[in-house]
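Asks: Got a structure here, written out as structure tokens. Questions coming.
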Amino acid sequence: MRCSKSSSKKHLHFTFKKQYRPRRQDAGSAADRAGPAAPTRSPWSCDPRDDPHAWDDDSDPELQPDPDAQAEAHVARVLSPPKLGLAPPRAAPLPAPAVSLGALEPWAASKGPTVAVPGLLSLPPELLLEICAYRDARLVLRVLPRVCHALCGLVRDHVTWRLGAPYPVVEEEGFDWPKACIELEQHLSRWAEDGRRAEHFCLADGHVASIDSVLLLQGGTLRLSGSRDRSVNLRDLQQLGVEPSQVLVRTLGTQKNSTHKGWVWSLAALDHRVCSGSWDSTGKLWDMAADGQQFGEIKAKAAVLCLSYRPDILVTGTCDKKVTVYDPRVGPALLKSRRLQSSAVLALLADGRHIISGSEDHTLVVFDRRANSVLQRLQLDSYLLRMSHQEPQLWAGDNQGLLHVFANRSGCFQLITGIKHSLGALYTTSTDKTIRVHVPTDPPRTICTRSHHNVLNGICAEGNLVVAASGGLSLEVWRLQA
């Protein structure tokens, strides 16, 4: 890895960087799948839907009124196991990192303290860094700068923390190397020995149908789950291993034994406020600070498949191909609705500048909130089901079991059903009934695989807790060492 940062300016577009297929660790046979043929139009070509004035007039005819029939048809089409056929060409595997990631191995800096007195400071900087590699990264960062100015300068230099491995996949200007190294070291330590150090809990009560969405709140102390039994359940995870009967707190809503009139498909939160999206074409807002009381409702014209909750906007992606923006601070009030894609919107993310949506039509659309127009439209070979965004990286899982990485520059194919990434950690769940724990390197390195008896539909990680939603009516919880 280079010691010096590139001086080139940051581009404005999201550009395709890499795609990976999570490695299977068993030696079973591989069932190949023929990916659908991609349209021949250029990903950069103009599209009538990009017109900023092409707003919906909400004059569409009403859709099929039965939300359960709609949901079952959607699952059969989008989430059914891939069919047998010819596999898309597989890229040659990249060589494994030359440096072991079991411990931090700082880059040998070309500069360091030159002190002409005997003792520790008389050692070459390369040897000092080698000694530091055997110490906890947090300790090195907090203690050594207090010893003397020479060690402070060595530790504060970000070049010191660069790893001799393909990490990160996308590096932006001002990348926080010390913070990334601390999180990476903590992640590797927590999942060492194939995750044997993590406590595992199976929460099998509370739902009577498949769980399709899960969300952690308040640093992992509270957990929400949305199910096909039409309910959203609240759990207090502080009671794990202490008082099992107190873990399940209540079901949100005033309806008897249910929260919605259709399957609950998506959840999103901002601080203590939560929104649940359902196949009954509604999104309901809940205040966890007020004991889970409802304080608002969105009435859409089609199933709410994905959500993104920001301080100033609440964005929904629906089955009728629309991305709709609301102001959750009042009402919530409808601000605008756009038909950005030609099929159902399956995945959605928003930040202060962009709204990013993935659709069943195999497109990824980046909408510029300030310019009120489409900034970029990418045509893919598959459709994205889940996305995780942290500047400048966008990680996404598709229906062919591939992980895609996009950079914001201004043999058995399974569906990636859940994805969560941070500076030093990467988690995925799949229809192959596994949760896989990776290091977000190039390519990702799998450090732990846990099998389940049923399909896993999503994942959420917060603090020292990791929760996966299961099609077998349970929630799988791992509590990691602090």
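The values are calculated or read from the model by the stated rules, or taken from the named source; none is laboratory data. Because the structure is predicted, anything quoted here is derived from the model rather than measured. Please note: Cβ atoms are built from the backbone with ideal geometry, for glycine as well, and neighbour counts cover all protein chains shown.
Okay, residues lined up against (1) assigned to a strand (DSSP E or B); (2) under 13 Å from the mean Cα position of the chain (by Cα):
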position: D361; (1), (2): no, no
position: L364; (1), (2): yes, no
position: A371; (1), (2): no, no
position: S388; (1), (2): yes, yes
position: H404; (1), (2): yes, yes
position: G418; (1), (2): yes, yes
position: Y427; (1), (2): yes, yes
position: V437; (1), (2): yes, yes
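Asks: Out of curiosity, is E391 charged (D, E, K, R) and modelled with pLDDT of 95 or more? Let's see the steps before the verdict.
Replies: On the way: charged (D, E, K, R): yes; modelled with pLDDT of 95 or more: no.
No, not satisfied.
Asks: Listed residues L237, L217, L224; which is in contact with a helix residue (DSSP H, G or I) (Cβ under 7 Å, 6 or more places away or on another chain) and either within 21 Å of F295 (Cβ to Cβ) or of a type in the set (S, T, Y) (or both)? Give the steps one after another, and end with the answer.
Replies: Working: L237 fails: either within 21 Å of F295 (Cβ to Cβ) or of a type in the set (S, T, Y) (or both); L224 fails: in contact with a helix residue (DSSP H, G or I) (Cβ under 7 Å, 6 or more places away or on another chain).
It is L217.
Asks: Select from segment 215-229 the residues that are out of contact with any Asp or Glu (no Cβ under 8 Å at 6 or more places or on another chain) and either outside any strand (DSSP E or B) or of a type in the set (D, E) (or both) and write down the one among them that is surrounded by the fewest Cβ atoms within 10 Å (Cβ to Cβ).
Replies: Result: Q218.
Asks: Can you tell me how many residues within segment 354-412 are within 22 Å of S337 (Cα to Cα), among the hydrophobic types (A, V, I, L, M, F, W, C) and touching a Leu at 6+ places or on another chain (Cβ under 7 Å)?
Replies: 10
Asks: If we only count strands (runs of 3 or more DSSP E) wholly inside segment 240-334, which ones have 2 or more residues that are of a type in the set (D, E, K, R)? Don't jump to the end; show me each part of the working.
Replies: Working: elements: 248-251, 264-270, 273-278, 282-287, 293-299, 304-309, 314-318, 323-327.
Here the list reads 282-287, 293-299.
Asks: If you go through segment 456-468 one residue at a time, how many are among the charged types (D, E, K, R) and outside any strand (DSSP E or B)?
Replies: Filtering segment 456-468 down to residues among the charged types (D, E, K, R) leaves 462.
Filter again for outside any strand (DSSP E or B), leaving none.
Within segment 456-468, residues that are among the charged types (D, E, K, R) and outside any strand (DSSP E or B) number 0.
Asks: What's the number of the condition L334 fails, among (1) surrounded by fewer than 19 Cβ atoms within 10 Å (Cβ to Cβ); (2) of a type in the set (A, V, I, L, M); (3) out of contact with any Ser or Thr (no Cβ under 8 Å at 6 or more places or on another chain)?
Replies: Looking at each condition in turn, L334 falls short on (3).
Asks: Here is a further query. Quick one: in segment 190-207, of everything that is over 22 Å from the mean Cα position of the chain (by Cα), assigned to a loop (DSSP other than H, G, I, E, B) and not aliphatic (A, V, I, L, M), which residue is modelled with the highest pLDDT?
Replies: The qualifying residue modelled with the highest pLDDT is H207.
Asks: State whether the residues of segment 440-455 include one that is assigned to a strand (DSSP E or B) and crowded, with 24+ Cβ neighbours inside 10 Å. Give the derivation first.
Replies: Our first condition is that a residue be assigned to a strand (DSSP E or B); within segment 440-455, this holds for 445-451.
Restricting the remaining residues to those that are crowded, with 24+ Cβ neighbours inside 10 Å gives none.
No: segment 440-455 contains no residue that is assigned to a strand (DSSP E or B) and crowded, with 24+ Cβ neighbours inside 10 Å.
Quick grid of which residues meet (1) more than 18 Å from T324 (Cβ to Cβ); (2) among the polar types (S, T, N, Q):
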position	(1), (2)
G358	no, no
V365	no, no
R377	yes, no
S388	yes, yes
P392	yes, no
L402	yes, no
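Conditions tested, residue by residue: (1) more than 14 Å from F201 (Cα to Cα); (2) over 15 Å from the mean Cα position of the chain (by Cα).
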| residue | (1), (2) |
| --- | --- |
| S430 | yes, no |
| D442 | yes, yes |
| T446 | yes, yes |
| H452 | no, yes |
| V455 | yes, yes |
| G458 | yes, no |
| N464 | no, yes |
| A468 | no, no |
| A482 | yes, yes |
